[in-house]
Amino acid sequence: MSNRNLTKASLLVSTLCLGLMGNVLAAQSVDKQLSVSSDTQLQIKVQRGDVTIQTWDKSEVSVTGTLDELSEGFVFEQQGNSLNIEDKMPRHYNGNNDKGSQLTIKVPKTVKLSADTISANLQVAETQGELDLNTVSGNINANNLSGKPELHTVSGDITTKALDGKIKLETVSGTIQDTDSKGEMNYRLVSGDLKSHTQAEKVTIEQVSGEVNANFSVTKEIELRTVSGDSQVSLAKNFNKANLESVSGDITVIFNDVPDASFNLDGGPGGKINNGLTQDVPQKQKYVPSTELSFQTGSGAANVKMNTISGHLILKKQ
């Protein structure tokens, strides 16, 4: 064989070996279990990929799946009452693998759990203990959580269903979509949109530069504060209090039936009021460029307070 052909053959073998090594690295699997006590604090760190958190009736934590192709090792260790789970990555890397870590973690239902990711997506269901999920650009999908779950993402989306408890959902430039949650809901968004069809009794919304579309069919107390965004809120006939404020944004409130409520609307500087609920007409202020409207429907038991600066306050009956 000539030197030229020998060189070609060597290159071919080297390429095949490298390919096989890459496949082995990409397919590195993990299958670990560890018994835990009721006061164990579980901490999860995964930079990219997908993490699914499931619950079971065992007093154990189980981790199965595959690690990132650039993983420098898997951490699964208990220190005191803390259990750390981490797919360790290089400090700097330029990997183009979109798959990343693919892990399924099974935990006791009442475990105290926190998770931090960069671009990894988080999916969790059925937990009942303290839960704190944080991601930078990953999405969070959560179903049937109870207790005090807190979900935070910077540029990812949060999708939740049937949560129950004292709940906090927060995103900077993503979307929050919440359905059928109960208890007390706290939504915080910056440059993101909220879509909520909640069963919560108390709701607080803080939003900057986004839109709100919410249906509060059984909600008793509503607090809404928005800046540079429009909001549309549907309320049932029976509620206790609605306090709605905006700066440079419109607020539209839609009632299925005329409620028993006292209304106090302040158009503020540059604002407008449109009353499609009764025949009461907004009154212009004498010395400032604003309008106000106060009236009562039925017994006036509930209280509606709406304020805006450079926005439009709209009342409607569906």
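The values are calculated or read from the model by the stated rules, or taken from the named source; none is laboratory data. Keep in mind the model is a prediction, meaning the values are calculated, not measured. Glycine also receives a Cβ, built like all others from the backbone with ideal geometry; neighbour counts cover every protein chain displayed.
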Among A120, A125, which is within 11 Å of V51 (Cβ to Cβ), touching a residue at least 40 places away in the same chain (Cβ under 8 Å) and of a type in the set (A, V, I, L, M, F, W, C)?
A120
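Could you say which residue among V203, V172 is crowded, with 17+ Cβ neighbours inside 10 Å, touching a strand residue (DSSP E or B) at 6+ places or on another chain (Cβ under 9 Å) and modelled with pLDDT of 95 or more? Steps first, please.
Numbers: V172 fails: crowded, with 17+ Cβ neighbours inside 10 Å.
The conditions single out V203.
Quick one: count up the residues across region 275-289 that are in contact (Cβ under 8 Å) with a residue 40 or more places away in the chain and touching a Ser or Thr at 6+ places or on another chain (Cβ under 9 Å). Write out each step before concluding.
Here is the first cut: in region 275-289, the residues in contact (Cβ under 8 Å) with a residue 40 or more places away in the chain are 275-277.
Now narrow it down to the ones that are touching a Ser or Thr at 6+ places or on another chain (Cβ under 9 Å): 277.
Result for region 275-289: 1.
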Among the numbered criteria (1) surrounded by fewer than 21 Cβ atoms within 10 Å (Cβ to Cβ); (2) out of contact with any helix residue (DSSP H, G or I) (no Cβ under 6 Å at 6 or more places or on another chain), which one does E69 miss?
(2)
In region 40-62, which residues are within 10 Å of L103 (Cα to Cα) and touching a Leu at 6+ places or on another chain (Cβ under 6 Å)?
V51
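Kindly provide the set of residues from region 178-189 that are buried (at least 17 other Cβ atoms within 10 Å of the Cβ) and of a type outside the set (D, E, K, R), ordered by number.
The initial filter retains those residues of region 178-189 that are buried (at least 17 other Cβ atoms within 10 Å of the Cβ), namely 178, 181, 183-189.
Passing the criteria: S181, G183, M185, N186, Y187, L189.
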Looking at region 219-243, I want the residues that are closer than 13 Å to M306 by Cα and have a partner that is part of a strand (DSSP E or B) and of a type in the set (D, E) with Cβ atoms under 6 Å, at least 6 apart or on another chain. Which pairs are those?
R225/E206; R225/E245; K241/E221; N243/E223
The one condition L145 fails out of (1) more than 11 Å from the chain's Cα centre (by Cα); (2) surrounded by fewer than 22 Cβ atoms within 10 Å (Cβ to Cβ); (3) without any contact (Cβ under 8 Å) to a residue 24 or more places away in the chain is (2)
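Only strands (runs of 3 or more DSSP E) wholly contained in region 69-124 count here; list those with 3 or more residues that are of a type in the set (S, T, Y) and within 21 Å of S29 (Cα to Cα). Please lay out each step first, then the result.
On the way: elements: 73-79, 82-88, 101-108, 112-117.
Ranges flagged: none.
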Of the numbered conditions (1) modelled with pLDDT under 95; (2) within 23 Å of E206 (Cα to Cα), D132 satisfies every one except a single condition; which is it?
(1)
